[in-house]
Amino acid sequence: MLLILDASVAIKWFVTEDGCDKAMEILEDLLRNPSNFAVPELFYFELANIFNRLIINPSSGQIELANLVCTFGINRFYMTPELFREIKEFQKLGLSGYDGAYVALAKLLKGTWITFDAKAHAKIAHLKLSQVL
């Protein structure tokens with residue numbers, strides 16, 4: 001199954017907080033099988049925003065991992081008219097445009113969005129397109 005990786009999962013590779021163990025399991029799977037994962041291009045911008053906000057003075061290891069994340073081989077998807085249309089439908093269900101992009105990608109690729117955002121997941125749980133970790 002193709003997993004659509006949320007930035008809320010990836011940030012836990014860099015900071016110690018609830019859910020780190022699950023996030024590290026995802027990272028290990030990603031390193032073994034990067035083609036099993038996909039992200040909308042905005043994932044990298046979201047991750048950079050969170051990383052720079054939470055980690056004021058990153059260690060060399062954190063910087064090295066951040067650089068690696070950009071080149072892992074995860075399937076990256078740019079905005080398309082079809083994705084644009086789907087995002088709007090998920091916004092109607094109460095998701096942000098950003099979260100809508102992840103779910104829309106999951107729908108179009110017949111995958112599952114994995115996230116730590118329980119509130120966003122709850123808004124679309126009935127669609128079986130997401131999994132909260």
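Each value in this text was obtained by applying a stated rule to the coordinates, not by laboratory testing. Small disclaimer: the values here were computed from a predicted structure and weren't measured. Cβ placement follows ideal geometry from the backbone for every residue including glycine, while neighbour counts extend to all protein chains displayed.
Here's a check for you: in region 1-20, which residue that is out of contact with any Ser or Thr (no Cβ under 9 Å at 6 or more places or on another chain) and charged (D, E, K, R) is surrounded by the most Cβ atoms within 10 Å (Cβ to Cβ)? Checked region 1-20; the qualifying residue surrounded by the most Cβ atoms within 10 Å (Cβ to Cβ) is 12.
Of all residues in region 73-84, those that are loosely packed, with under 15 Cβ neighbours inside 10 Å and more than 17 Å from residue 107 (Cα to Cα) total 1.
Within region 37-63, the set of residues being over 14 Å from residue 103 (Cα atoms), exposed (fewer than 15 other Cβ atoms within 10 Å of the Cβ) and within 14 Å of the chain's Cα centre (by Cα) comprises 45, 48, 49. Checking 66, 23 one by one, the residue that is surrounded by 14 or more Cβ atoms within 10 Å (Cβ to Cβ), more than 25 Å from residue 127 (Cβ to Cβ) and small (Gly, Ala, Ser) is 66 and no other. The set of residues in region 71-129 that are part of a helix (DSSP H, G or I), farther than 19 Å from residue 41 by Cα and either within 12 Å of the chain's Cα centre (by Cα) or of a type outside the set (Asp, Glu) (or both) comprises 92, 118, 119, 120, 121, 122, 123, 124, 125, 126, 127.
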